[in-house]
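Derivation of every value follows stated rules applied to the coordinates shown; laboratory data play no part. Model, not experiment: these values are computed from the prediction. So basically every Cβ, Gly included, is an ideal-geometry build from the backbone, and we count neighbours across all protein chains shown.
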Amino acid sequence: MKILVVGGGMGGTILANNLARRLSGEIKAGKASITMLSASDKHMYQPGLLYVAVGKMMPDELYRDQVSLLESCITFRVDPVTKFNLKENNVLTESGKQYDYDIIVISTGSRAHAEGTPGLAENASQFYTEADAVKMFSSLQKFEGGKVVIAVGVPHKCPMAPLEITFMLADYFKERGIWDKVQLHYTYPIGRVHSLEPVAKWAQPEFDRLGITYETLFNMKEVQPGKIISEEGTEEDYDLLITVPAHKGMQVIEDNELGAGGFIPTNRTRLNIEGYENAFVIGDTTNLPISKAGSTAHFEAEALAENIASTIKIGQPVRDYDGKVFCFIEAGEGRATYAMFNYQNPPDPKAPTKGIHWFKTAYNKMYWASARGLL
Amino acid sequence: MSERKIVDAKNTFCPGPLMELIGQMKMAEIGDELEILSTDQGSAADIPEWINKVGHEMVETSENDGVWHIVVKKIK
Ligand SMILES: Cc1cc2nc3c(=O)[nH]c(=O)nc-3n(C[C@H](O)[C@H](O)[C@H](O)COP(=O)(O)OP(=O)(O)OC[C@H]3O[C@@H](n4cnc5c(N)ncnc54)[C@H](O)[C@@H]3O)c2cc1C
């Protein structure tokens, strides 16, 4: 039984390690094998980019060698997939090789796509890649005061990022002693300041307390130097524009016509690609209407690993993915909270505390144990 | 006109039905109809508010067994 994992990020790594442990007997006996194909020999802790953008982490703290995170029985190759032949059960790669499989799991992630909004890439600072986060920090350091607008595209990975970057910016400007010269203006696509109602109910008074202004039902249409225009017909002037751009899946997914916008139609409980029994998707690449977050990829990976192992052992899956998501929310002033929910149960976040902030800070380091599947 | 596309946002809290619709509208062609399914009663008010503000068209809204079916058309 040949299992092929495409993507060595959060979802792919947890899935491959979990599966390697569950199938250790079959792998030793030569009855199963796990191969991972990825686009990089490094694994990035992406949430750390937020801290890089405000000068609180250095880029080199975000990386580990991918091989060091994987169980030794997993064959790992840096050889990005260029063609998915799902009907023939094989993929072709950049190096020209063909990899056959019995089961494939795709977890190639998503990417910020500022280029989809006219003028956005040229005029805004963003933090979704290492280079952009470092560049954003330079822009912040040069900024001496004025109006900072935060503009948010849909969909985006990490639903908490818009709020977190706003609170982190408030802290950053306070620490630099220029908070009284800054007007922080937050915008958000729907009619409240966050998609999760209880989070919005908590965040709005926090904005009021800090003097952060906000505008809801604001979807970016076009950006010009010094001015951003919304689909809803409003305009905002800015001195510094910070954006969470709309995301797409990877180009290879679109090129292979696996799903609009690079997001693959996925069964919400079994995680198979609609129409295929042996092809699965986890993480940001699914088209599921749930948060694009590391925790989503993590919980999906655990459920799917259990099902793939049980299918090999007893011929059938044993559980459904229940839609579970868990997100920390950095609330500024050394405090944090979290939201946990699934398809059936809405979140009920508690007031932010310093304790949760310290736990999140510790998690920034514990992430590597989580990727190895030890947490 | 192309086929009506179903956006199944039942039993999801984040990003939620309206965010889901906004993302899908961006990918749709002018003239396309999208039918969003939602179990969140708030969507029945939020979605028409956004559609009217942006200038798309509300085609119909109905509720069946706790599921809202909201059909919208991309106009621009
Ligand atoms: C700034 C920021 C803050 C965030 N904060 C949080 C947070 O606080 N909490 C949280 O839960 N999540 C957070 N996230 C989101 C989280 O990082 C992602 O949701 C998560 O990494 C998704 O996992 P994935 O496996 O789907 O994709 P990724 O982890 O992005 O992995 C994709 C993998 O696919 C590989 N790949 C790409 N193309 C190919 C190809 N053609 N062939 C083979 N391999 C390929 C890549 O090299 C990579 O290894 C944050 C993200 C960012 C950017």
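Laid out as a table, the results:
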{"quantity": "Normalised contact order of chain A, rounded percent, pairs of Cα under 8 Å and 6 or more residues apart", "calculated": "19 percent"}
{"quantity": "DSSP-loop GluC sites (Glu not before Pro) across the stretch A:238-325, with at most 15 other Cβ within 10 angstrom", "calculated": "A:257, A:274, A:277"}
{"quantity": "Partners for residue A:157 among aspartates and glutamates (Cα-Cα distance below 16 Å; same-chain residues under 8 apart left out)", "calculated": "A:130, A:132, A:284, A:300, A:330, B:20"}
{"quantity": "Gaussian network model of chain A, Cα within-10 Å springs - most flexible of A:180, A:100, A:348", "calculated": "A:180"}
{"quantity": "Rg [Å, one decimal], Dmax [Å, integer] - the stretch A:26-170, C-alpha atoms", "calculated": "19.7, 66"}
{"quantity": "Candidates A:87, A:174, A:56: whichever shows maximal mean-square fluctuation once chain A is modelled as a Gaussian network with Cα springs under 10 Å", "calculated": "A:87"}
{"quantity": "Antiparallel DSSP beta bridges within the stretch A:114-246, percent to nearest 5", "calculated": "30 percent"}
{"quantity": "Theoretical FRET efficiency, 1/(1+(r/R0)^6), r = Cβ-Cβ of residue A:235 and residue A:129, R0 22 Å, to 0.05", "calculated": "0.20"}
{"quantity": "Antiparallel %, DSSP beta bridges [both residues in chain A], to 5", "calculated": "50 percent"}
{"quantity": "For the stretch B:4-73, diffusion coefficient by Stokes-Einstein and Kirkwood Rh (Cα), 37 °C, 0.692 mPa s, µm²/s", "calculated": "279 µm²/s"}
{"quantity": "Cross-link pairs A:221/A:292; A:135/A:181; A:360/B:5; A:201/B:53 - those with Cα-Cα distance over 31 Å", "calculated": "A:360/B:5"}
{"quantity": "Average partner coverage of B:19-30, which counts Cβ from other chains inside 10 Å", "calculated": "5"}
{"quantity": "On Cα atoms only, tilt of A:354-371 relative to the major axis of chain A in degrees", "calculated": "30 degrees"}
{"quantity": "Cα-centred dipole magnitude for the stretch B:4-73, charges only on beta-carbon of K, R (+1) and D, E (-1), debye, nearest 20", "calculated": "180 debye"}
{"quantity": "Span from the the stretch A:300-375 Cα centroid across to the the stretch A:138-211 one, whole angstrom", "calculated": "25 Å"}
{"quantity": "Where GluC sites (Glu not before Pro) in DSSP loops with at most 16 other Cβ within 10 Å are excluded, longest remaining stretch of chain B", "calculated": "B:30-76"}
{"quantity": "Candidates A:327, A:158, A:73, ranked by Gaussian network fluctuation over chain A, Cα under 10 Å, top entry", "calculated": "A:73"}
{"quantity": "Those lysines that a straight Cα-Cα span of less than 19 Å connects to residue A:31, excepting residues fewer than 8 apart in one chain", "calculated": "A:2, A:313"}
{"quantity": "Within the stretch A:221-290, trypsin sites (Lys or Arg not before Pro) in DSSP loop having at most 10 other beta-carbon neighbours inside 10 Å", "calculated": "none"}
{"quantity": "The protein assembly as shown: Cα Rg divided by the 2.2 N^0.38 Å rule of thumb", "calculated": "0.97"}
{"quantity": "Estimated distance in nm for a label pair at residue A:68 and residue A:318, the labels positioned 7 Å out from Cα along Cα-to-Cβ", "calculated": "3.3 nm"}
